[in-house]
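One structure is given here, and the rest of the page talks about it.
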Amino acid sequence: MIQVQDNTMNASVYKFTHSFVRDFVAALSKRLHTKGFELQRILDQTFTSTDDRWNIFSRFLFGLCSGQSTDLLEGLLGKCFDDVSLCISDWLSETIKRRTENLERKYTQNKFLNILHCLSEFGDVQLTKNALTVKRAIKFNQCVLRPSDCTVICTTLTCPEAITEMDLSSCCLQLEGIQQLEPILHKCETLRLSGNDLQDAGVKCVSEALKKVDCKVKQLELKSNKLTDDCLEDLFCALAGNRSLMVLDLSNSAHDEHQANRFAAGNLQNMEKSCNSKRDIRLIRNQDFKQNPSKDDIALNVLTIITD
C-alpha cells in the first residue's frame with residue numbers, strides 16, 4: 001500500500017497499488033463477516049452491474065467460499081458462518097438457469113464468462129456438471145478471450161457430452177488460447193472460429209481435435225484466420241479419417257483483408273484430390289490474392305463437404 005493525502009480526514013490514508021489486492025481484501029472481509037443470504041444479495045447487486053468492476057471481487061469471493069478455503073480460513077481465523085457454501089451453491093445454480101439463457105448479447109456473454117470463472121473458483125465438480133449440462137449453445141463471439149479465459153471455459157465445459165454450437169468468432173483467439181480449448185473442441189457439432197488470429201499453428205491444433213474418434217464436429221468455420229498452405233496437410237490429413245465433418249469453411253470475410261486466408265489454388269486442389277475420404281468435397285466461391293491471376297489459377301477458399 002501507499003500513503004495518500006486526504007484533507008478531509010485527520011488520519012493516515014492508504015490505498016492499494018494493485019486492484020487485485022484490494023478486491024481480495026474486500027472479498028475476504030465479506031467472507032468472514034457476512035451470512036450466506038446476505039452474500040446472495042451482494043452477488044445479485046454485482047451481477048446486475050453494467051460493467052466489469054466486480055468481476056475479480058466476485059471470483060475471489062467464490063474461491064473463499066469453497067469448501068477447501070473454508071477449512072483453511074477456519075483453521076487460521078476461527079469458525080465461519082455455516083450457511084455460506086450452501087447459499088453460494090444455490091445462487092450459482094439459479095443464476096445460470098435464469099440469467100444466462102440468451103447469450104446473443106455482449107452483456108450476457110461477459111456475465112456468463114465471469115460465472116464460469118466463479119464456478120471454477122468454487123470448485124464443486126457436481127454443481128458445475130449439474131449447472132452446465134443443459135447449456136448446449138455457447139457463444140463468446142462478442143468477448144475478448146484471454147488464455148486464462150480459455151482455460152476456465154475448457155475446465156468447466158468438460159461435463160456436457162455434446163455441445164450443439166460453440167461460437168468463438170472474433171474473440172482475438174491465438175495459438176495459446178486454442179491450445180487451452182483443444183480438449184473440448186471435438187464435442188461441438190458447430191464450431192465457429194472465424195475472424196481470429198489462429199494462423200497455421202492454431203489450425204494444426206484444431207486438426208488434432210478432428211482426428212479424435214469421438215469427434216462430433218459437423219460444421220467448422222475458419223474464415224479470416226491468416227491461414228496459408230502450411231496448414232493444409234494437417235487439416236486434410238485429419239479430414240481423411242474424420243467421419244463427422246460436413247462443412248468446412250476456409251473463406252474470407254469481405255471486410256477483413258488483414259486477417260485473410262491465403263491459399264494457392266493448386267495446393268488446395270491437390271489436397272482435395274489426395275484426401276482419402278469417401279465423401280464428395282466441393283470447392284466453391286473463388287477468390288485470389290495473387291497479382292494478375294489466370295482464370296485457371298484462382299484460389300478456392302471455401303470447402304463444402306457432403307457426406308455420402
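Past the 22 Å Cα-Cα mark, which pairs from LYS111/LYS226; LYS135/LYS223; LYS35/LYS111; LYS139/LYS218; LYS204/LYS226?
LYS111/LYS226; LYS135/LYS223; LYS35/LYS111
On average over all directions, what projected area in square nanometres does the range 60-155 have, based on the convex hull of its Cα atoms?
6.5 nm²
Compute the long axis of helix 67-77 from its Cα atoms, compare it with the longest principal axis of the Cα atoms of the chain, and write down the angle in degrees, 0 to 90, nearest 10.
Tilt relative to the chain: about 30 degrees.
Dipole size in debye (nearest 20) for the range 126-167 around its Cα centre, Lys and Arg Cβ +1, Asp and Glu Cβ -1?
100 debye
So who's got an amide H within less than 5 Å of the one on ILE138, skipping anything under 5 residues away but keeping other chains? H placed 1.01 Å off N, in plane.
Sorted by chain and number, the residues that satisfy this are GLU165, MET166, ASP167.
Please report, in debye to the nearest 20, how large the charge dipole of the chain is about its Cα centre when each Lys and Arg carries +1 at its beta carbon and each Asp and Glu carries -1 there.
440 debye
Under 5 Å between amide hydrogens, which residues at least 5 positions from SER170 or on another chain qualify, with H placed 1.01 Å from N in the peptide plane?
Long-range HN contacts for SER170: SER194, GLY195, ASN196.
What relative contact order, as a whole-number percentage, does the chain give when Cα pairs under 8 Å and 6 or more residues apart are counted?
10 percent
Considering Cα pairs under 8 angstrom that are at least six residues apart, work out the relative contact order of the range 1-62 and quote it in whole percent.
This gives 31 percent for the range 1-62.
Residue by residue through the range 167-180, which ³J(HN,Hα) values in whole Hz follow from phi under the Karplus form 6.51 cos²θ - 1.76 cosθ + 1.60 (θ = phi - 60°), with glycine and proline marked x?
So the J values, rounded to whole Hz, are 9, 10, 5, 6, 9, 6, 5, 10, 4, 4, x, 5, 5, 5.
How compact and how long is the chain, expressed as Rg and Dmax of its alpha-carbon atoms in Å?
24.1, 82
Going by a ≥ b ≥ c, the root eigenvalues of the Cα gyration tensor, does the range 1-111 fall in the rounded group (a/c under 1.5), the prolate group (a/b larger than b/c) or the oblate group?
oblate
Counting Lys and Arg as +1 and Asp and Glu as -1, each charge on the Cβ, what is the dipole of the range 26-155 about the Cα centre in debye, to the nearest 20?
460 debye
Counting other Cβ atoms within 10 Å, keep those with at most 13, restrict to DSSP loop, and tell me which GluC sites (Glu not before Pro) in the range 127-196 are left.
GLU161
Using the Karplus equation 6.51 cos²θ - 1.76 cosθ + 1.60 (θ = phi - 60°), what ³J(HN,Hα) coupling, rounded to whole Hz, does each residue of the range 184-193 give in order, writing x for Gly and Pro?
Taking θ as phi minus 60°, the curve returns 10, 4, 5, 7, 8, 6, 10, 10, 10, 10 Hz for the range 184-193.
Per-residue HN-Hα couplings for the range 235-240, Karplus 6.51 cos²θ - 1.76 cosθ + 1.60 at θ = phi - 60°, whole Hz, x for Gly and Pro?
Computed from phi, the couplings for the range 235-240 are 5, 6, 5, 5, 5, 4 Hz.
Since every read-out is calculated from the coordinates, none of them should be taken as a lab result. For clarity, every value in this text was computed on a predicted model and none was experimentally measured. Reconstructed Cβ throughout: ideal geometry from the backbone, glycine too, with neighbour counts over all protein chains shown.
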